[in-house]
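Down below is the structure, laid out as structure tokens.
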Amino acid sequence: MRGRKPSSVAISTSAALSAPKPPSWLSRDAKAEWKRVIPLLIERRILTEADMATFANYCLQIGRIIEAQRTIDAEGMFFDGTSGPKRHPAVGVQNDAATQARQLAAELGLTPVSRSRPAIRDDDARDDDDDLGLD
């Protein structure tokens, strides 16, 4: 496939003082994650306007993990159902949120593996087809 890759406009390091505030609909824990991580993303110059929804969703999932853990701590991991012990629904919520948070963290470059990947190529870089001699 040929064509130009969309250019990304990174938030400059000078914008760190005016980092976007977390959306009002995020939970307290999700907002805390936003405030903890956004300086790192700005410092690395990898956060773009297009990434803000992904970042907000990442923070939302972290908030859900914490909320589910509080519920599990208060009510236990299991409860007695009509046919015996059953897993508390908060365990499933926590597992789903952890899976989504892990995937979103990788997309945002927040995992060791994702940080070790090569950076996005410049627009001037040749397509893979060119490297193979295919035209």
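The values are calculated or read from the model by the stated rules, or taken from the named source; none is laboratory data. Computed from a prediction, not measured in an experiment: that's the story for all the values here. Neighbour counts are summed over all protein chains in view; Cβ atoms, including those assigned to glycine, are modelled from backbone coordinates with ideal geometry.
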Handout entry: Answer residue from the range 36-62, given it is among the polar types (S, T, N, Q) and assigned to a helix (DSSP H, G or I) and is nearest to Val93 (Cα to Cα) among those
Key = Gln61
Exercise for the section: Pull up the range 42-64, narrow it to residues that are aliphatic (A, V, I, L, M) and surrounded by 21 or more Cβ atoms within 10 Å (Cβ to Cβ), then point me to the one that is modelled with the lowest pLDDT. Expected result: Leu47
Exercise for the section: Select from the range 65-80 the residues that are surrounded by 13 or more Cβ atoms within 10 Å (Cβ to Cβ) and either among the aromatic types (Phe, Trp, Tyr) or touching a residue at least 40 places away in the same chain (Cβ under 8 Å) (or both) and list them in ascending order. Expected result: Glu67, Phe78
Handout entry: Filter result for Asp80 (among the acidic types (Asp, Glu) and either under 17 Å from Gly109 (Cβ atoms) or modelled with pLDDT of 95 or more (or both))
Key = no
Problem - Breaking point among (1) among the hydrophobic types (A, V, I, L, M, F, W, C); (2) assigned to a helix (DSSP H, G or I); (3) without any contact (Cβ under 8 Å) to a residue 40 or more places away in the chain, for Trp25 - result: (2)
Exercise for the section: Determine the pairs where a residue that is on the phi < 0 side of the Ramachandran plot, located within the range 48-61, has a partner that is small (Gly, Ala, Ser) and modelled with pLDDT under 95 with Cβ atoms under 8 Å apart, the partner being 6 or more residues away or on another chain. Expected result: Thr48/Ser8; Thr48/Ala10; Ala50/Ser8
